[in-house]
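Let me begin by presenting the structure, written as structure tokens, before commenting on it.
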Amino acid sequence: MTDPVVRCENVNIYYGEKQAINDISIDILPKQITAFIGPSGCGKSTFLRSLNRMNDTIDGCRMEGRILIDDEDIYAPEVDVVPLRARVGMVFQKPNPFPKSIFDNVAYGPKIHGLAKSSSELQTIVEQALKGSGLWEEVKDRLDQPGTGLSGGQQQRLCIARTIAVQPEIILMDEPCSALDPIATAKIEALMTDLAKDYTIIIVTHSMQQAARVSQKTAFFHLGDLIEYGDTTQMFTNPRESRTQDYITGRFG
């Protein structure tokens with residue numbers, strides 16, 4: 001039995017008085033893709049953002065319970081969020097490259113975290129990250145051009161390269177394909193499958209087809225509750241809960 005890399009115990013999240021997440025406990029296994037599905041406003045993105053403390057940036061948002069990564073409580077007072085967010089990287093819904101060159105977009109994190117001892121080492125890290133995100137062949141001759149000049153799908157792969165350049169252990173993806181066309185989406189999905197050999201990936205997706213295609217485990221959220229969590233194939237073919245069945249068959253959502 002593999003030990004979970006993320007262990008969430010009785011997590012409650014509030015925005016001011018409003019409770020967004022209700023007493024959720026879940027274990028996430030390493031080097032797999034776990035999908036969070038559920039209708040809009042069900043809490044899946046809020047829960048995802050709690051895993052690298054992105055919710056800390058929202059006024060009035062507070063978390064109760066425990067979230068352990070490699071058995072370390074990430075909400076303990078002594079935890080520094082900067083290295084935490086390098087370990088638990090994040091790719092957002094809309095590609096958000098920095099207004100810098102392609103090279104500098106990827107080099108930014110390794111520079112801040114002091115991962116490269118020399119400029120040649122930095123170049124190697126950038127090249128490996130761009131190869132890892134499937135973008136190297138498309139951009140290797142124009143690394144000095146702005147990242148914002150790339151197509152939407154390329155920009156999203158640039159953001160993935162930026163994330164993996166700091167050698168995270170976990171990659172969170174919040175609807176990474178919702179702004180992309182089907183061809184760019186297929187590339188990102190193939191990339192996720194490839195990256196899962198080295199990283200633990202947790203993805204929030206509106207697309208049940210996407211969850212079924214890429215993930216090994218799926219968690220179904222509804223109104224802040226975790227309704228069901230288990231093997232993706234089993235959940236899509238034979239869910240245990242009637243609410244999961246109703247959502248998957250399109251009776252609500």
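Observations on the model:
- Strands (runs of 3 or more DSSP E) enclosed by region 1-93 - at least 2 residues per element that are within 13 Å of Ile171 (Cα to Cα): 33-37, 88-91
- Candidate set: region 66-78, residues that are in contact (Cβ under 8 Å) with a residue 24 or more places away in the chain and open to solvent by less than 40 Å² (accessible area, probe 1.4 Å); chosen: the one farthest from Leu115 (Cα to Cα): Ile67
- Scanning region 209-217 finds no residues that are open to solvent by 40 Å² or more (accessible area, probe 1.4 Å), out of contact with any His (no Cβ under 6 Å at 6 or more places or on another chain) and β-branched (Val, Ile, Thr).
So that you can scan it fast, the table gives a plain yes or no per residue for (1) among the polar types (S, T, N, Q); (2) open to solvent by less than 60 Å² (accessible area, probe 1.4 Å); (3) modelled with pLDDT of 95 or more:
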{"residue": "Thr2", "(1), (2), (3)": "yes, no, no"}
{"residue": "Asp23", "(1), (2), (3)": "no, no, yes"}
{"residue": "Arg49", "(1), (2), (3)": "no, yes, yes"}
{"residue": "Arg87", "(1), (2), (3)": "no, no, yes"}
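- Among the candidates Asp181, Asp144, Asp225, the residue that is farther than 19 Å from Ile33 by Cα, open to solvent by 10 Å² or more (accessible area, probe 1.4 Å), out of contact with any Lys or Arg (no Cβ under 7 Å at 6 or more places or on another chain) and modelled with pLDDT under 95 is uniquely Asp181.
- Qualifying residues in region 125-167 (those that are of a type in the set (S, T, N, Q) and without any contact (Cβ under 8 Å) to a residue 40 or more places away in the chain) - the one farthest from Ala184 (Cα to Cα): Gln128
- Scoring Gln156 on the criteria (1) in a helix (DSSP H, G or I); (2) open to solvent by 10 Å² or more (accessible area, probe 1.4 Å); (3) under 21 Å from Glu127 (Cα atoms) leaves a single failure, condition (2).
The values are calculated or read from the model by the stated rules, or taken from the named source; none is laboratory data. All values reported here derive from a predicted model rather than from experimental measurement. Cβ atoms come from the backbone with ideal geometry, glycine included; neighbour counts cover every protein chain shown. Just so you know, the surface numbers come from the protein's heavy atoms only, side chains and all, with ligands and any DNA or RNA stripped out. Shrake-Rupley method; radii C 1.70, N 1.55, O 1.52, S 1.80 Å.
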